[in-house]
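Student: One structure, pasted below without further comment.
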Amino acid sequence: MKSIQEQLVAKISQAFPDAEAKKVDKDNFLDIHIPSINPKKGTHLFFNTGKNEIKIGFYCRDEDFNNAILSRSNNTEAYAQGLRIANNPAYASVEDAIAAALDFLSELKGEAKKTTPKTATKPAVPNLQTLVATFTDKLNEGLDSQLMDELDALSIPASLILYEISAKNLQKALDTETVTNDDFDLVSILDLEDWEGLTEKIGESEVSKNKEEYAAETIYANGSIILLYCESEYVYSFMSPGEEVEEEDEEEEDENEEESSQFLWGEFDLDDADLIEKVTAKIKEENALTGLAYISEALKEQGYEVDNHSPFFFTSMVHISNKELPGFLYVNMDGFHSNCIEENELQLIFSWDTVKDIQIIEEDVASIKINLLSHEGILTINEPYSKNLLVLVGIYKNIWKKVVKKFAREDTISWNVVENELGISRVTFDTLEDYKYWITGDATGYEIIESSVPELRKDINRRKFSEDTIVEIIAYHKTRTEFNEDYTVDMNGQEIWLTIARTYEDSYWKTQVDKQDLFSLFTTIESQGFQEGLDTLFGWEFHSPGKGDNGFEIAMKEGDIKRLPKNCFEDGEVNPYFIFENYTSNLEDIDVTLRGETDRLDILINEEYFGSIWQGAYPGN
């Protein structure tokens with residue numbers, strides 16, 4: 001017998017042959033992309049099949065599309081992520097849900113209803129505005145101070161925060177006369193002044209109202225504003241004004257601002273449930289230990305002292321110990337490091353030598369808390385706004401626990417043993433894009449479309465971009481690229497030279513041009529061929545590896561072997577990997593060799609993909 005979601009997919013596919021189900025029976029949400037309704041990727045009809053009922057909506061962040069529907073339909077309403085049937089009704093049977101969904105899709109297409117209206121078994125929010133109004137009245141009877149305390153506990157300095165409470169939990173608060181922030185769902189955390197960033201969440205009208213409300217208030221730079229909504233209906237807002245910070249000497253203040261320019265470490269987080277699930281599964285399936293070299297480089301650039309032991313895990317915000325000390329978490333072969341004690345200093349807070357186990361002790365939709373267990377005690381680490389720690393737990397359970405056990409009585413870790421005996425492969429990433437590509441297998445994030453130069457020129461002219469618009473060009477190189485890097489290491493009074501050879505069997509390279517240069521490129525490709533056009537472009541930067549096999553080798557190039565410390569040898573041979581990982585090195589030279597031909601050029605304008613020009617289509621004279 002087919003499941004509820006399988007029945008829904010079958011019925012929608014009968015009515016819309018172009019329907020594509022994104023996931024079936026993975027969770028309570030069934031997503032179906034229907035290009036004939038809206039061709040943009042990411043848009044989809046969804047069914048929420050939880051709680052023995054079915055709710056319907058259409059996920060779409062295109063405001064023009066949504067506003068056009070709302071302007072002509074009285075049976076459709078907006079919600080935070082798109083559109084849904086007015087009053088958000090729930091249906092008990094597949095038949096009723098399909099009838100309502102087809103009516104709903106007809107509304108989206110601007111057609112008359114094709115089916116007989118069905119009556120929902122129960123509206124999820126019979127009178128949402130009435131419910132919110134009743135709750136607001138209750139605030140004057142004692143709930144106000146409760147709600148303020150609960151929201152105050154969620155304040156984050158210098159932040160504009162959006163929470164949502166379900167109608168069910170709002171009704172529970174009314175019935176029990178008790179408010180708890182456990183019932184609030186975090187929607188978004190933005191910079192304090194970033195009202196525009198809330199527009200796509202609650203709409204321009206709501207943003208204007210809230211912004212106007214606080215326009216006359218004194219809010220310091222370390223203050224915060226929290227907004228609480230119930231299914232797109234405003235419920236309450238709370239302001240923590242923060243404190244005025246004494247002005248320092250102007251020159252000293254400028255130096256401090258320059259030193260701590262609030263580097264956005266959060267940009268390195270995955271912060272996506274799908275990516276987190278995929279990387280955890282991939283690490284387990286491929287028995288792989290990740291090396292996030294780009295994190296080490298970013299820390300060095302920000303003035304932190306780091307060694308050559310690249311982290312295999314990083315997350316930008318955790319609260320450490322029962323004191324909930326805030327900071328980032330950096331985990332490598334030595335242990336757990338953080339800046340939670342001194343903001344501008346990376347310190348070891350827990351060594352692998354003492355770890356007995358890692359346990360998840362709390363987990364909800366948007367946060368996770370773990371315990372590090374040792375003979376000496378327990379260290380609690382809480383990730384309050386994300387669940388990147390799931391990746392760390394996966395690495396420990398599937399990979400690193402085996403390494404720790406194998407070398408429990410050894411002074412050093414032999415990577416030859418790790419790779420050959422334990423079967424663990426090390427995969428190093430120089431950029432976050434590389435890491436994400438390894439996780440997803442998708443280097444571009446868009447579907448490649450073969451385009452002709454006239455088609456691209458026409459499409460770009462139609463959009464009327466300004467002359468200074470930045471155009472990004474990505475070149476796909478289909479054969480080997482070689483990086484040869486020379487490093488020096490000072491050891492025992494001598495200079496050792498190491499050579500690192502990185503090879504990529506295919507790769508992606510990026511450069512940027514303006515609109516005028518882009519059209520000059522088009523003209524050259526048309527008149528002289530693809531390769532001649534490619535030769536006019538400069539400023540290429542390595543972007544990410546392709547899908548081919550990649551190589552990584554370290555060799556000792558120069559140095560007196562007799563003067564090396566004993567720990568630099570393994571089975572009587574010099575171990576250059578050990579030297580590179582355990583001693584400070586300096587990059588002296590890098591040589592890049594591209595072999596073979598560039599296969600295609602991808603054209604992106606303002607991060608929007610327009611099309612690709614293939615080498616074979618313009619072979620030249």
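The values are calculated or read from the model by the stated rules, or taken from the named source; none is laboratory data. Everything numeric here is computed off the predicted structure, so don't read it as measured data. Heads up, the Cβs are rebuilt from the backbone with ideal geometry, glycines too, and the neighbour counts pull from every protein chain shown. When the accessible area is computed, the model is the full protein with side chains, heavy atoms only, and any ligands, DNA or RNA have been set aside. Shrake-Rupley method; radii C 1.70, N 1.55, O 1.52, S 1.80 Å.
Student: At 222 nm, what value in deg cm²/dmol follows for the chain if DSSP H runs of at least 4 each add -39500 (n - 2.57) and the sum is divided by all its residues, to the nearest 500?
Tutor: It comes out at -8500 deg cm²/dmol, rounded to the nearest 500.
Student: Given a Förster distance of 41 Å, report the FRET efficiency between Glu177 and Gln14 from their Cβ-Cβ distance, rounded to the nearest 0.05.
Tutor: 0.25
Student: Quickly work out the Phe538-to-Leu264 label distance, labels modelled 7 Å from Cα along the C-beta direction, and quote it in nm with one decimal.
Tutor: 3.0
Student: So how do Lys323, Lys168, Lys138 rank on accessible area, 1.4 Å probe, biggest first, that is with the largest at the start?
Tutor: So the residues, ranked largest to smallest area, are Lys323, Lys168, Lys138.
Student: Separate question: Restrict the search to region 368-399; then list the trypsin sites (Lys or Arg not before Pro) that DSSP places in a loop and that have at most 14 other Cβ atoms within 10 Å of their Cβ.
Tutor: Within region 368-399, no trypsin sites (Lys or Arg not before Pro) qualify (loop, at most 14 other Cβ atoms within 10 Å).
Student: Specify the angular offset, from 0 to 90 degrees and rounded to the nearest 10, of the alpha carbon long axis of helix 63-72 from the longest principal axis of the alpha carbons in the chain.
Tutor: Helix 63-72 sits at roughly 10 degrees to that axis.
Student: Can you compute the FRET efficiency between Thr130 and Tyr234 using 1/(1 + (r/R0)^6), with r the Cβ-Cβ distance and R0 = 25 Å? Round to the nearest 0.05.
Tutor: 0.95
Student: So, one more: On a 32 Å Cα-Cα criterion, which of the cross-link pairs Lys300/Lys557; Lys278/Lys566; Lys282/Lys510; Lys172/Lys284; Lys2/Lys282; Lys387/Lys464 come out too long?
Tutor: Listed pairs above 32 Å: Lys278/Lys566; Lys172/Lys284; Lys387/Lys464.
Student: Then there's this: Among Leu128, Leu521, what's the order by accessible area (1.4 angstrom probe), most exposed first?
Tutor: These residues rank, largest area first, as Leu128, Leu521.
Student: Right, something else. Determine ³J(HN,Hα), in whole Hz, for all residues of region 31-39 in sequence, where each value follows from phi through the Karplus function 6.51 cos²θ - 1.76 cosθ + 1.60 and θ = phi - 60°; x replaces Gly and Pro.
Tutor: 10, 10, 7, 10, x, 5, 8, 8, x
Student: Using only protein heavy atoms and a 1.4 Å probe, report how much of Ile54 is accessible, in Å² to the nearest 10.
Tutor: Here the accessible area works out near 10 Å².
Student: Report the gain in length on full extension from Glu217 to Lys323: 0.36 nm times residue separation, minus Cα-Cα distance, nm rounded to one decimal.
Tutor: Contour length minus the Cα-Cα distance gives 34.9 nm.
Student: Stretch Asp517-Ser71 to full length: gain in nm at 0.36 nm per residue minus the Cα-Cα span?
Tutor: 156.4 nm
Student: Which of Val513, His44, Ala19 sits closest to the plus end of the dipole of the chain, meaning its Cα is farthest towards the positive end, when Lys and Arg get +1 and Asp and Glu get -1 on the C-beta?
Tutor: About the Cα centre, the residue reaching furthest to the positive side is Ala19.
Student: Same structure, new question: Can you give the accessible area of Cys230, probe radius 1.4 Å, in Å² rounded to 10?
Tutor: Looks like 0 Å² after rounding.
Student: To continue, here is another question. Gap in Å between the Cα centre of region 494-569 and the Cα centre of region 148-198?
Tutor: For region 148-198 versus region 494-569, the Cα centre distance is 48 Å.
Student: What is the magnitude of the charge dipole of the chain about its Cα centre, with +1 placed on the Cβ of each Lys and Arg, -1 on the Cβ of each Asp and Glu, and no other charges, expressed in debye to the nearest 20?
Tutor: 4300
Student: How much length is gained on full extension from Asp591 to Asp64, taking 0.36 nm per residue of separation minus their Cα-Cα distance?
Tutor: In short, 184.8 nm is gained.
Student: With axes computed from alpha carbons, what is the tilt in degrees of helix 94-109 against the longest principal axis of the chain, rounded to the nearest 10 within 0 to 90?
Tutor: 80
Student: Continuing with this model, one more query. Report the calculated FRET efficiency for Glu111 and Asp357 (r = Cβ-Cβ distance, R0 = 51 Å), to the nearest 0.05.
Tutor: Given R0 = 51 Å and the Cβ-Cβ separation, E is 0.30.
Student: Under 5 Å between amide hydrogens, which residues at least 5 positions from Glu570 or on another chain qualify, with H placed 1.01 Å from N in the peptide plane?
Tutor: Correct list: Asn575.
Student: Calculate what fraction, in whole %, of the accessible area of the chain sits on carbon and sulfur atoms when a 1.4 Å probe is rolled over the protein chains.
Tutor: 45
Student: Mind listing the phi-derived Karplus ³J(HN,Hα) values for region 207-213, rounded to whole Hz, using 6.51, -1.76 and 1.60 with θ = phi - 60°, and x for any glycine or proline?
Tutor: 4, 4, 4, 5, 4, 5, 4
Student: Then there is this: Calculate one ³J(HN,Hα) per residue across region 317-324 by plugging θ = phi - 60° into the Karplus curve 6.51 cos²θ - 1.76 cosθ + 1.60, and present them in order as whole Hz with x for glycine and proline.
Tutor: With the stated coefficients, region 317-324 comes to 9, 9, 10, 10, 6, 5, 7, 6 Hz.
Student: Taking amide hydrogens as modeled 1.01 Å from N in the peptide plane, which residues meet the under 5 Å criterion relative to Gly335, leaving out close sequence neighbours?
Tutor: Residues meeting the criterion, in which the H sits 1.01 Å from N, are Trp352.
Student: Right, here's the next one. What accessible area per residue comes out for the chain, rounded to a whole number of Å², with a 1.4 Å probe?
Tutor: On a per-residue basis, the chain sits at 53 Å².
Student: Going by alpha carbons, how many degrees (0 to 90, nearest 10) lie between the helix axis of 250-259 and the longest principal axis of the chain?
Tutor: That works out to roughly 80 degrees.
Student: Now a separate question. Taking only C-alpha pairs under 8 Å that are 6+ residues apart, what is the relative contact order of the chain in percent?
Tutor: Dividing the mean separation by the residue count of the chain yields 8 percent.
Student: In addition: Ignoring ligands and nucleic acids, what accessible area does Asp274 show with a 1.4 Å probe (Å², nearest 10)?
Tutor: 80
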